[in-house]
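Asker: Below are the structure tokens for one structure; questions will follow.
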Amino acid sequence: MTNQLPHIDLNRLPRHIAIIMDGNGRWALSHGSERSAGHEAGVDAVHTVIDTACQLGIRYLTLYTFSTENWNRPKEEVDLLLQLIVSAIERETGNLLSKNVRLTAIGDIDRLPEHSRSSLLGCIEATSHCTGLEVILALSYSSRWEITQAVCNLADRAARGLIDAADITEHTVSAALSTAAIPDPDLLIRTGGDYRISNFLLWQAAYTELYFTNQYWPDFNALSLYEAIADYQSRERRFGLTSEQIKHQR
């Protein structure tokens, strides 16, 4: 595998990679299996990507694990997804600790069943001292929900005289989001062949480089991540400036 990996510049790695892990169900159907088999195979892909990110020295990895909209799926599939998430967290805690990986989460965590929430919080606590890669699980998460929560919080603080509404800036809004302590993603990857970001990190992804692949999530591996990073490194990130201005900043 190593000889097949494309060359990437280890000095220009994205600091924060976010991934929409799509295509589990379609992967299963293409293999003549039930959708549940796709979700189970997707857990293995998560393990591989976390290991690869650790080896590369990526600092932040956000995984769109379960969206607010996913609650509308058939109850049997929702129950299976949550069970898989809990099993994976419990199984992976030791591995995360051995690799100095810290686990955190964003989203409406209180909506999770008690056992799921307890397992999640237990792993977050167990890995809270780790200083390597930070893996952020977006669970029961949607960007519109997050932004709405931030607006409500700011409106409440303004109503109580804690802040002046006229002084609210982009920085104030960013600080009110659940990702306040996390830098915006440099690279957002979506598997499964769809070209949208599906209510994921809408505010934070304003200047994120987007990478879409037809690969279903269970097929995404170390080579896939290298290819996405190589593509990211081939781009010029201007943040609204011109190419000439960027050159003068170097």
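Asker: Among the numbered conditions (1) touching a Pro at 6+ places or on another chain (Cβ under 7 Å); (2) of a type outside the set (Phe, Trp, Tyr); (3) part of a helix (DSSP H, G or I), tell me where ARG157 comes up short.
Answerer: (1)
Asker: Looking at (1) modelled with pLDDT of 95 or more; (2) at negative phi, find the lone condition where GLU244 falls short.
Answerer: Of (1) modelled with pLDDT of 95 or more; (2) at negative phi, only one is false for GLU244: (1).
Asker: What about SER36, is it exposed (fewer than 15 other Cβ atoms within 10 Å of the Cβ) and in a helix (DSSP H, G or I)? Break it down stepwise before answering.
Answerer: Working: exposed (fewer than 15 other Cβ atoms within 10 Å of the Cβ): no; in a helix (DSSP H, G or I): yes.
When the stated conditions are applied, SER36 does not pass them.
Asker: Consider ASN72 against the criteria (1) surrounded by 18 or more Cβ atoms within 10 Å (Cβ to Cβ); (2) closer than 17 Å to ALA138 by Cβ; (3) more than 17 Å from the chain's Cα centre (by Cα): it satisfies all of them except one. Which criterion is unmet?
Answerer: Exception for ASN72: condition (1).
Asker: Take the range 126-152 and flag every residue that is in a helix (DSSP H, G or I) and farther than 18 Å from ARG111 by Cβ.
Answerer: Result: ALA126, VAL151.
Asker: Could you tell me whether the range 120-130 includes any residue that is among the polar types (S, T, N, Q) and buried (at least 17 other Cβ atoms within 10 Å of the Cβ)?
Answerer: From the range 120-130, those among the polar types (S, T, N, Q) are 127-128; that's our starting set.
Filter once more, so that each one left must be buried (at least 17 other Cβ atoms within 10 Å of the Cβ): 127.
Yes, some residue in the range 120-130 is among the polar types (S, T, N, Q) and buried (at least 17 other Cβ atoms within 10 Å of the Cβ).
Asker: Being part of a helix (DSSP H, G or I) and either under 23 Å from LEU13 (Cα atoms) or touching a Pro at 6+ places or on another chain (Cβ under 7 Å) (or both) narrows it down to one of LEU96, LEU120, so name that one. Explain how you work it out, then say what you get.
Answerer: Working: LEU120 fails: either under 23 Å from LEU13 (Cα atoms) or touching a Pro at 6+ places or on another chain (Cβ under 7 Å) (or both).
Going through LEU96, LEU120 in turn, just one is part of a helix (DSSP H, G or I) and either under 23 Å from LEU13 (Cα atoms) or touching a Pro at 6+ places or on another chain (Cβ under 7 Å) (or both): LEU96.
Asker: For the range 39-69: of the residues being of a type in the set (Ser, Thr, Tyr) and buried (at least 19 other Cβ atoms within 10 Å of the Cβ), which is nearest to ILE197 (Cα to Cα)? Spell out the reasoning first.
Answerer: Residues of the range 39-69 of a type in the set (Ser, Thr, Tyr): 48, 52, 60, 62, 64-65, 67-68.
Filter again for buried (at least 19 other Cβ atoms within 10 Å of the Cβ), leaving 52, 60, 62, 64-65, 67-68.
Values: THR52: 23, TYR60: 18, THR62: 13, TYR64: 10, THR65: 13, SER67: 12, THR68: 14 Å.
Top of the filtered list is TYR64.
Asker: While we're looking at this one, here's another question. Would you pick out the residues in the range 113-144 that are closer than 13 Å to THR179 by Cα and not aliphatic (A, V, I, L, M)?
Answerer: GLU134, TYR141, SER142, SER143
Asker: Please determine whether any residue of the range 162-172 is in contact (Cβ under 8 Å) with a residue 12 or more places away in the chain and either part of a helix (DSSP H, G or I) or within 19 Å of VAL43 (Cα to Cα) (or both). It would help to see each step written out before you state the result.
Answerer: As a first pass, look at the range 162-172 and keep what is in contact (Cβ under 8 Å) with a residue 12 or more places away in the chain: 168, 172.
This time we only want the ones that are either part of a helix (DSSP H, G or I) or within 19 Å of VAL43 (Cα to Cα) (or both), so: 172.
Looking for residues that are in contact (Cβ under 8 Å) with a residue 12 or more places away in the chain and either part of a helix (DSSP H, G or I) or within 19 Å of VAL43 (Cα to Cα) (or both), one finds at least one in the range 162-172, hence yes.
Asker: Within the group GLU77, GLU90, GLU34, which residue is touching a Cys at 6+ places or on another chain (Cβ under 9 Å) and more than 26 Å from ALA228 (Cα to Cα)? Quick ask: steps written out before the conclusion?
Answerer: On the way: GLU77 fails: touching a Cys at 6+ places or on another chain (Cβ under 9 Å); GLU34 fails: touching a Cys at 6+ places or on another chain (Cβ under 9 Å).
Just a single option satisfies the conditions, and that option is GLU90.
Asker: Filter the range 18-33 down to the residues that are in a helix (DSSP H, G or I) and surrounded by fewer than 22 Cβ atoms within 10 Å (Cβ to Cβ), then identify the one that is modelled with the lowest pLDDT.
Answerer: Within the range 18-33, the first condition is being in a helix (DSSP H, G or I), and the residues that meet it are 24-30.
Remaining after also requiring surrounded by fewer than 22 Cβ atoms within 10 Å (Cβ to Cβ): 25-26, 28-30.
Details: GLY25: 90, ARG26: 95, ALA28: 94, LEU29: 93, SER30: 94.
Looking at residues that are in a helix (DSSP H, G or I) and surrounded by fewer than 22 Cβ atoms within 10 Å (Cβ to Cβ), I get GLY25.
Asker: Can I ask one more? Give the residue, chosen from GLU134, GLU92, that is under 13 Å from the mean Cα position of the chain (by Cα), of a type in the set (Asp, Glu) and crowded, with 17+ Cβ neighbours inside 10 Å. Spell out how you get there, then give the answer.
Answerer: Values: GLU92 fails: under 13 Å from the mean Cα position of the chain (by Cα).
Exactly one of GLU134, GLU92 is under 13 Å from the mean Cα position of the chain (by Cα), of a type in the set (Asp, Glu) and crowded, with 17+ Cβ neighbours inside 10 Å, namely GLU134.
The values are calculated or read from the model by the stated rules, or taken from the named source; none is laboratory data. Predicted model only: the values in this text are computed from it and were never measured. In this analysis, Cβ positions are derived from the backbone assuming ideal geometry, glycine residues included, and neighbour counts consider all displayed protein chains.
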